[in-house]
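Rule-based calculations on the coordinates, nothing more; no lab input. The structure displayed is predicted, hence computed values, not measured ones. Positions of Cβ are generated from backbone atoms using ideal geometry, with glycine treated the same way; all protein chains shown enter the neighbour counts.
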Amino acid sequence: MAERWVGFVASGASVVVVDAEIPDDEDEGITIQSDQTWRLQKGDRVAAYHVLYQQCVNYLEENGIDVAVVKASATLGGGGMKLAHLEGAEVRGVIAAAASSVCTARMVSKAVISRTYGARKVDEYLKDDDFWDEHVEGGSLRAGSREAAMLLIAARSA
């Protein structure tokens with residue numbers, strides 16, 4: 001029986017949300033149900049985090065989501081930590097906390113996907129239109145949302 005999974009890729013100001021039906025058979029493509037971006041409201045970040053938390057909980061509950069996969073933080077090569085990176089980590093934490101209050105939640109990094117899924121780096125899959133034609137069905141998927149969908153494709157194989 002297929003399950004509903006959501007992939008989240010957070011930044012300091014928004015969250016890309018890809019909702020898909022995941023079939024039991026890994027040879028079948030995932031079916032996109034929704035592809036959207038949630039923007040953090042302006043003003044006080046603490047209040048904005050509360051709104052984002054509730055938005056996430058409501059979405060997961062209303063859509064019967066079974067699994068949430070959140071893109072994990074990554075280390076920065078060569079440079080110091082910037083404010084935008086720290087704010088992105090805060091938003092990821094809000095999404096992870098909200099998701100884990102409703103369903104099974106996982107955090108997966110691009111580095112882990114690159115090591116454990118297929119023979120290529122994640123960024124190579126993101127650019128490969130043939131890969132997406134083969135692995136994704138249903139609703140439209142924005143090119144900028146492929147990373148969130150890749151979390152779902154790789155996580156179901158784990």
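Observations on the structure shown:
- Kyte-Doolittle mean at least 0.0, axial Cα span of 24 Å or more - DSSP H helices of the chain: 83-100
- About the centre of its Cα atoms, the chain shows a dipole size close to 1080 debye [charges on the beta carbon of Lys, Arg (+1) and Asp, Glu (-1) only; nearest 20 debye].
- In this rough spin-label picture, where each label sits 7 Å from Cα along the Cβ direction, the R142-E28 distance is 2.8 nm.
- Mean ellipticity per residue at 222 nm, deg cm²/dmol - from DSSP H runs of n ≥ 4 across the chain, formula -39500 (n - 2.57): -13000 deg cm²/dmol
- At an R0 of 30 angstrom, the distance between the Cβ atoms of D128 and R39 translates into a FRET efficiency of 0.60.
- Residues whose amide H comes within less than 5 Å of that of G12, counting only those at least five positions distant or on another chain, are G88 (H built at 1.01 Å from N in the peptide plane).
- Positive-end residue, the chain charge dipole about Cα centroid, Cβ charges, pick of Q54, L86, A149: L86
- Region 3-157 shape via C-alpha gyration tensor axes, a/c threshold 1.5: oblate
- Computed packing ranks the peptides 125-137, 142-154, 105-117 as 142-154, 105-117, 125-137, most packed first, by mean other Cβ atoms within 10 Å.
- Extension gain (nm, one decimal) between K82 and M1, 0.36 nm per residue minus Cα-Cα: 24.8 nm
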